[in-house]
Amino acid sequence: MNNCKDSFPIQRPFGTYHDPSPLWQHKLSRTNRDKLQQFVSITGASEKSALQALKASDWQIEAAFDVFYSQPQPKSNGDMRRLEELFNRYKDPYSDMILAEGVSVLCSDLQVEPQDIVTLVLSWHMNAATACEFSKEEFFGGLQALGIDSIGKLQEKLAFMRSELKDEQKFYEIYNFAFGWAKEKGQKSFALDTAIGMWQLLFAEREWPLVNHWCDFLQDRHNKTISKDTWAQLLEFARTVNPLLSNYDAEGAWPYLIDEFVEYLYDKSVVDK
């Protein structure tokens, strides 16, 4: 039986124009309407969900992404079936893992290069133990947390994942994740060439002006593996010491290698002492 309200169409005065836009849209400023449209475009969220996330974050769009993606995503049998199909497309035929060849196919489907930094961000979301590998648990867990069950949805999420690199705290987490992710299995340190490649990739996002001098210094004066402590301390150095070194404290608790780097910059007249 039909609901009684459905039996009585709403009467409007003859000639009255009906604006189909929700009333709340008229109360938004143009800037906030633009943010709403941008949020919907990037996340695929409904306008209602987008509005809730933006209001909860005081209309700070980066914070709104965090609010939206921190909400639990529904996991139906259909979701799981689609994830299974997606995983099987990329998994190795001889193991229950996605290995380098499968990751390469995944990148091709996403229309990104395997060395694109967004693959590192995706691996961070999956908490992947090793570069160019995803276990089934990592793959399912990461995509479920992002609310993704198809390659199209994953492609739509790439813009959001790139934006995460601009967030100070997330960049810090991704940077430190990269050490364990990119180093060789069973090794405690980074091979120097691997470390240099990762620094150039990561600091291209943060635009640290001294990154190339740092890499040159390592090749000229160090030429050894990079420890986890050095990896972590360099980010702290890049975040807290300005490129002219005017606030560098020679008595600070920096690793010896960073102190040597500072002397190298003085010796090369990159900065004035």
> What spacing in nm lies between the two simple spin-label points modelled at Glu47 and Gln155, each 7 Å away from Cα in the Cβ direction?
Replying inline: 2.7
>> Can you give me the angle between helix 61-70 and the longest principal axis of the chain, using Cα atoms only, in degrees from 0 to 90, rounded to the nearest 10?
In response: 80
> Which residues make up the longest stretch of the chain clear of chymotrypsin sites (Phe, Trp or Tyr not before Pro) that lie in a DSSP loop with no more than 11 other Cβ atoms within 10 Å, not counting the sites?
Replying inline: 95-273
> Hey, what number do you get for the chain at 222 nm if only DSSP H runs of n ≥ 4 count, each worth -39500 (n - 2.57), divided across all residues, to the nearest 500?
Replying inline: -17500 deg cm²/dmol
>> Please compute the length gained on full extension between Lys27 and Asn212, using 0.36 nm multiplied by the number of residues separating them and subtracting their Cα-Cα distance.
In response: 61.6 nm
> Using the beta-carbon distance between Gln37 and Leu244 and R0 = 35 Å, what value does 1/(1 + (r/R0)^6) give for FRET efficiency, to the nearest 0.05?
Replying inline: 0.25
> Most mobile of Thr230, Thr194, Thr31 per a Gaussian network model of the chain (Cα springs, under 10 Å)?
Replying inline: Thr31
> Which whole-number value in Å² is the accessible area per residue of the chain, probe 1.4 Å?
Replying inline: 59
> Against the longest principal axis of the chain, how steep is helix 30-43, in degrees 0 to 90 to the nearest 10, with axes from Cα atoms?
Replying inline: 80
> Mind checking the angle between helix 168-182 and the chain's longest principal axis? C-alpha axes, 0 to 90 degrees, to the nearest 10.
Replying inline: 60
> With labels modelled as points extended 7 Å from the Cα through the Cβ direction, what inter-label distance (nm, one decimal) is found for Ala253 paired with Gln233?
Replying inline: 1.1
> Ignoring ligands, DNA and RNA, what percent of the accessible area of the chain is carbon or sulfur (1.4 Å)?
Replying inline: 49
> So which lysines can Lys35 reach, going by Cα to Cα under 26 Å and dropping same-chain residues fewer than 8 places off?
Replying inline: Lys27, Lys48, Lys55, Lys153, Lys157, Lys166, Lys170
> Based on the Cβ-Cβ distance from Asp267 to Glu184, what FRET efficiency comes out when R0 is 41 Å, to the nearest 0.05?
Replying inline: 0.80
> If you work out Kirkwood radius over Cα pairs in Å from the coordinates, which of (1) 22.2; (2) 22.8; (3) 18.9 do you get?
Replying inline: (1)
>> So if I take the centroid of the Cα atoms in the range 243-263 and the same for the range 181-207, what is the distance between those two points in Å?
In response: 21
>> How large is the accessible surface of Lys91 in square angstrom, using a 1.4 angstrom probe and rounding to the nearest 10?
In response: 50
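The values are calculated or read from the model by the stated rules, or taken from the named source; none is laboratory data. What you see is a predicted model, and the numbers here were worked out from it, not measured in a lab. Neighbour counts are summed over all protein chains in view; Cβ atoms, including those assigned to glycine, are modelled from backbone coordinates with ideal geometry. Areas reflect the complete protein model, heavy atoms only, side chains present, ligands, DNA and RNA absent. Shrake-Rupley method; radii C 1.70, N 1.55, O 1.52, S 1.80 Å.
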